[in-house]
Every structure is written in C-alpha cells, then in structure tokens.
Amino acid sequence: MEKPRQVVRKFLARPQHEGVGAVVRRSIGRFELRYFDPFLVLDEFSVSAPSGFPDHPHRGFETVTYMLEGAVTHEDFEGHRGTIKAGDVQWMTAGRGIVHSEMPAGPGTSKGLQLWVNLSSHNKMIEPGYQEIQSKDIASTTSDGVTVRVIAGQSMGVRSPVCTRTPTMYLDFTVRPAGAAAARQPVPAAWNAFVYVLEGEAVFRNGEKAGPHHLVLLGNGDGGIVEVWNKSADKPLRFLLIAGEPIGEPVAQLGPFVMNTEEEIDMTINDFEFNVNGFEKAKHWKSQALVALGVE
C-alpha cells in the first residue's frame, strides 16, 4: 500500500483586513507562504454590509468562491450578475481581464472561501468566463461515516462537472465523530496538496493534529494517498482537501495581476490604466453596489 502523505508544515491563518471593512484569514499568499504552485491565495472571509470587495480588476488566474454562510452578490463589467448562496460555488476565469465587485447580499454576516488558482502562460490571456454550481447540484456522496462534496475533481466514485484549466482537486469532507472514522483520498503523486480545517480536529497518520483555520501542507514524496482522521467522540470534522498540478513557470504578481514576467505586469498596468487589451469596458462601468452607496 502507498504510505499516506505526511504533514510537512502547519500554521494558523490569522485575521487581517482586506477590501473595504472585510476580514479574511489568509493562509496562502502571505509572508509565510507566498505561493504554493499552482495556488496563489486562499482566504477564509467574513463580511457584513456595507463592507465588502467593491470594484477591482484581475488578470492571469482563476478565482474559486465557495460560500459557507450567507450570500455574496457578484457583478462585472461584462454585465454578468448573480448571487452566490451558502453551499454554492463560482469558478471564475479572469483570463485577459475582468473588473468586478463582490458584496454581501442581505443582512447578517456572509462567510466563505476564495482560492486563486494560477493559469499557465498559454492560458493567461484567454477570454473571461464563469462556471457556477448551486449547492443542490454539487456532486456529493457518503460512505462509512465520511461525506464528500466534490467541487472539482473526483472522490468516492463521484465527479464534478467543473472544467479546470489548471488540473485541480477541490474536496469538502465531513467525517463523523465516535468511531475514529477517516477520509482517504488518492492524489496524483506529483501534485501539491494541502488541507484546510473548517471545523473539529484533523488527525494525520504521524499524529499531527490541526484545528479550525489551520492550513496543513502535505509532502508529495510519500505516495498518493491523503488520510485524515476524526478521533473525537462527539464533534464532527470538516475540512477542505485541495490539490493541483504545479505549473512550474515564473510568477510575477502585483496585487490582482499575476503574469510570468515583470514586463508583462507593466503591460497589464498600462492596459488597465488606459482601458485597452481586455479592459475596454472598465472605462464607463461601475457596479450597482457602488452606485447604491453613492460613490462617484
């Protein structure tokens, strides 16, 4: 049998301010872990109106928004508008350029996760696009005390319909208590993989433990199996297992722009400032959220 992947690094994602009045727990894309190929950023966010993430640009990667509580309304300069509710996922390809806003919908606090997945050089300038799946349509199955929701990839005999330009696995596991149940998932040996704990305590084969808001990086030299146990007598364990095929290209990043060279970043800034080469519609666009707030 293949040995389970071992924990090679673990740290707590601490709160920080992002956007306008929003709070995120950033685990990838901070000083301890700038990049985990092909992943650029992982934020666990919490936001209440009127705070949020108003009009901002992206280029060169994809964003994956997975709602846990509440709802967020998304709108962009192409006229795309919709609300992502609890359990829904939006896989957005920024490609050559998008300007959009993400603002909480309705009262209360909205919580979720946003993952930035890098694109290879031949995909960075493709046309923007969306894949959106409502909670009821996300592939899910339960066996031996383990439930998985398959956001991307496949697990326990079920597969997501999401197309990932950068090969990616995104799984939401819940493991029951009282029985030392374990989630076991094969992952391609060459892929980078990590666990992010949402609820309960994850226990790994080497005895390492991790609680909520912890990111756990897994070694890829140990084999292709990820194994995570719930040894609690009364508390469920919920965690994300995310893995991806490394791109292996240079990364040049300036905020929401991610390219391969500094020259390409300079070109992107120029394109955005002068509303050209993918950003033409940004010149006269403003989100309804900003209009409602009276922002000129």
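Dividing the helix sum by the residues of the chain, where each DSSP H run of 4 or more adds -39500 (n - 2.57), gives a mean residue ellipticity at 222 nm of -1500 deg cm²/dmol.
A Cβ-based charge dipole, computed about the Cα centre of segment 249-294 with Lys and Arg at +1 and Asp and Glu at -1, lands at about 480 debye.
Only Cα pairs under 8 Å and 6+ residues apart enter the sum, and on that basis the relative contact order of segment 1-116 stands at 29 percent.
Per-peptide packing, taken as the mean over residues of other Cβ atoms within 10 Å, places 92-105, 255-268, 193-206 in the sequence 92-105, 193-206, 255-268 from highest down. For LYS231, the aspartates and glutamates whose Cα comes closer than 15 Å to its Cα, not counting residues fewer than 8 places off in the same chain, are ASP144, GLU199, GLU201, GLU208. Accessible area per residue for segment 82-210 is 39 Å², calculated with a 1.4 Å probe on protein heavy atoms, without ligands, DNA or RNA.
Note on LYS235 and HIS122: the extension gain reaches 36.1 nm, defined as 0.36 nm multiplied by sequence separation minus the Cα-Cα distance. Charges were assigned to the Cβ only: +1 to each Lys and Arg, -1 to each Asp and Glu. The resulting dipole of segment 216-296 about its Cα centre is roughly 660 debye. Any idea what the dipole of segment 142-230 comes to, in debye rounded to 20, about its Cα centre with Lys/Arg Cβ at +1 and Asp/Glu Cβ at -1? Here segment 142-230 has a charge dipole of around 240 debye.
Remark: segment 1-48 carries 51 Å² of accessible area per residue (probe radius 1.4 Å; ligands, DNA and RNA excluded).
Helix 262-273 and the long axis of the chain differ in direction by around 50°, with both axes built from C-alpha atoms.
For the peptides 168-177, 245-254, 278-287, the ranking by mean Cβ contacts within 10 Å, running from highest to lowest, is 168-177, 278-287, 245-254. Measuring nothing but protein heavy atoms, the accessible surface of segment 205-296 at 1.4 Å probe radius is 53 percent carbon and sulfur.
Computed on the chain, with alpha-carbon pairs under 8 angstrom and 6+ residues apart, the relative contact order is 21 percent.
Partners of LYS283 within straight-line reach, counting lysines whose Cα lies under 28 Å from its Cα and excluding those fewer than 8 residues away in the same chain: LYS124. Tell me, what is the percent relative contact order of segment 168-228, built from C-alpha pairs under 8 Å that lie six or more residues apart? RCO, segment 168-228: 39 percent. Under 21 Å of direct C-alpha separation, and excluding same-chain neighbours fewer than eight residues apart, LYS85 reaches these lysines: LYS111, LYS136. Surface composition of segment 29-187: carbon and sulfur make up 50 percent of the accessible area, probe 1.4 Å.
The values are calculated or read from the model by the stated rules, or taken from the named source; none is laboratory data. Note that the coordinates shown come from a computational prediction; the quantities given were computed from them, not determined experimentally. All Cβ positions, glycine included, derive from the backbone under ideal geometry; neighbour counts span all protein chains shown. SASA here: full protein model, heavy atoms, side chains in, ligands and nucleic acids out. Shrake-Rupley method; radii C 1.70, N 1.55, O 1.52, S 1.80 Å.
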